[in-house]
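FYI, it's all coordinate maths here, none of it is from the lab. Being a predicted model, the structure only gives us computed values, none of them experimental. Cβ coordinates were reconstructed from backbone atoms using ideal geometry, including for glycine residues, and neighbour counts include every protein chain displayed.
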Amino acid sequence: MGTNNLEADKTEETAAEFQGSGKSTGFENVKNIIADKLHSVAEGLGEKGADQDGESGRAKYGKQASEWIDHSAEYVRKFDYKQADASIREYVKQSPGRSLFIAGAVGLIIGAILRRR
């Protein structure tokens, strides 16, 4: 439990550093906080996998999951939302019918999920 408090303190320090710099936006802050959390989860999984027998199935899966989560953290850190927004807008211009169909399908799925709760 002490580890979680330490991680929360690190996250708050990281957020404070980004706010103090004046160079990043709120979205950048959130991106970096999420990436830091994912990275710490990956480190935790890697440590647990190292503590176990290196040949066990759980250790192998833990190491693989740790690597995937670490790659996800780097993807989140490098994600450019402006470029993604531009590419989505271009896709919608190129095929508005398909875009409406996809939006409707996603709306139906979300509605079905929320209705079951």
Cβ-derived FRET efficiency at R0 35 Å, residue 110 paired with residue 79, nearest 0.05: 0.95
Potential lengthening between residue 117 and residue 34 on full extension [0.36 nm per residue; Cα-Cα distance subtracted]: 27.2 nm
Whether region 26-117 is rounded, prolate or oblate, judged on the alpha carbon gyration tensor where a/c under 1.5 counts as rounded: prolate
